[in-house]
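J.: Can you keep this structure in mind? I'll have questions shortly.
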Amino acid sequence: MRRPARTIVLLGLVTALMPFADAGAQQTNEQLAARCAQLGAIFDKYALRRGEGSGGPDMERMGASIDCSKDRYDKGIKTLEDLLKRDRISYPPA
């Protein structure tokens, strides 16, 4: 194979494989939605204050739930992680 033809073939191969190079680093929406649900369940289990004089629902938690339901996973996950850190509740790493 001559040099220009080999270069074209190699460039084609590299171009074809580029979408797969970063596939492992990015999470899918399903994975992010599962992470939102996981962190929300942990917060709901351990941090909800129930009883008289509790002050009502946690508005930040409700906002995170809305963010996750509207596909703003990064914002929802960040809020939930901050809430868990604030209340000193451990949670599994991402």
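J.: When a footprinting reagent is the concern and you count Cβ atoms within 10 Å, what order do Thr79, Thr28 take, fewest first?
T.: Lowest count first: Thr28, Thr79.
J.: Can you list the aspartates and glutamates whose alpha carbon is less than 14 Å from that of Lys45, not counting same-chain residues fewer than 8 positions off?
T.: Lys45 reaches Asp58, Asp87.
J.: How large is ³J(HN,Hα), in whole Hz, for each residue of the range 72-82 in order, when computed from phi with the Karplus curve 6.51 cos²θ - 1.76 cosθ + 1.60 and θ = phi - 60°, using x for Gly and Pro?
T.: 9, 5, 4, 5, x, 5, 4, 4, 5, 5, 5
All of the numbers you see were taken from the coordinates with simple rules; none came from a lab. All values derive from a computational prediction rather than experimental measurement. No Cβ is skipped: glycine too gets one built from the backbone with ideal geometry, and neighbour counts run over all protein chains shown.
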